[in-house]
Amino acid sequence: MDGVLAEVGDSYRETIVQTVAHFTGQQVARERIQDYKNQGGWNNDWALSQRLCQDLGVDVPYEEVIERFNLIFLGDDFNGLILKEQWVPRNGLLERLSERYDLSIFTGRPLKDAAHTLRRFASGIVFSPMITMESVTEHKPAPQGLHLIRAERPDAKMFYVGDTVDDARSARAAGVPFIGIAAPANPRHAELVDVLKSEAAIAVLDDINQLEGVLP
């Protein structure tokens, strides 16, 4: 969902920056955040924020990281940096796709975060099932979420679209063809393209608006 349907540079990524700054008094570069994402194993932004604090010499209890992160991102009532998210699909794209395919979501977001963004930008689009953080016990790069989707449509041909190494590894573990997204504005764009290709992406796109050109 992040980096595919919603551009999150000014929301989730900025929340990481502000969370780390709150606890350490230091500014973490967006490039460093992306370096961790490109390594894999850092799909959880709470855990990544904690790790970045540790890198800067400050140990912060995980629950305190979550509390501060959510305060910055969600605000008091979804009035935090979540409002900075930008919707990537152009008008009509998801409607056309939904006429040809069943659409599902497998995201590391908590359900309330994902549901809020979808209500805001795509209230008329059905995503079923919607697999969120709470839906699985094994998170990306584990393939559990994709297995849950496949269980509902065992005979369907599946494709998974994502923008991280963990997305690609999850798809490969599930035996699902993977289509990568590497936004040109990504601070490690060239590296991300290379790593997604190395993880067997069948295509790497600038954004989801190019998706119709690679789907059968």
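Each value in this text was obtained by applying a stated rule to the coordinates, not by laboratory testing. These numbers come from a predicted model, not from an experiment. Neighbour counts are summed over all protein chains in view; Cβ atoms, including those assigned to glycine, are modelled from backbone coordinates with ideal geometry.
Brief remarks on what is shown
- The residues of region 16-52 that are of a type in the set (Gly, Ala, Ser) and part of a helix (DSSP H, G or I), listed by number, are Ala21, Ala47, Ser49.
- Matching residues, region 171-182, being more than 17 Å from Tyr36 (Cβ to Cβ) and either free of Cβ contacts under 8 Å to residues at least 24 places away in the same chain or not basic (Lys, Arg) (or both): Ala171, Ala173, Ala174, Gly175, Val176, Pro177, Phe178, Ile179, Gly180, Ile181
- Qualifying residue in region 114-126 (condition: under 20 Å from Ala47 (Cα atoms), crowded, with 18+ Cβ neighbours inside 10 Å and within 15 Å of the chain's Cα centre (by Cα)): yes
- Summed over region 174-196, the residues that are outside any loop (DSSP other than H, G, I, E, B) and more than 18 Å from the chain's Cα centre (by Cα) give a count of 2.
- Selection within region 136-147 - touching a residue at least 24 places away in the same chain (Cβ under 8 Å) and more than 19 Å from Leu215 (Cα to Cα): His139, Lys140, Pro141, Ala142, Pro143, Gly145, His147
- Elements of type helices (runs of 4 or more DSSP H) contained in region 53-126, each with 2 or more residues being aliphatic (A, V, I, L, M) and over 20 Å from Met1 (Cβ atoms): 62-74
- Look at (1) within 16 Å of the chain's Cα centre (by Cα); (2) charged (D, E, K, R); (3) more than 24 Å from Ser11 (Cα to Cα) and you find that Asp163 fails only one, number (3).
- Which listed residue is within 24 Å of Ser135 (Cβ to Cβ) and without any contact (Cβ under 8 Å) to a residue 12 or more places away in the chain, from Glu67, Glu99: Glu67
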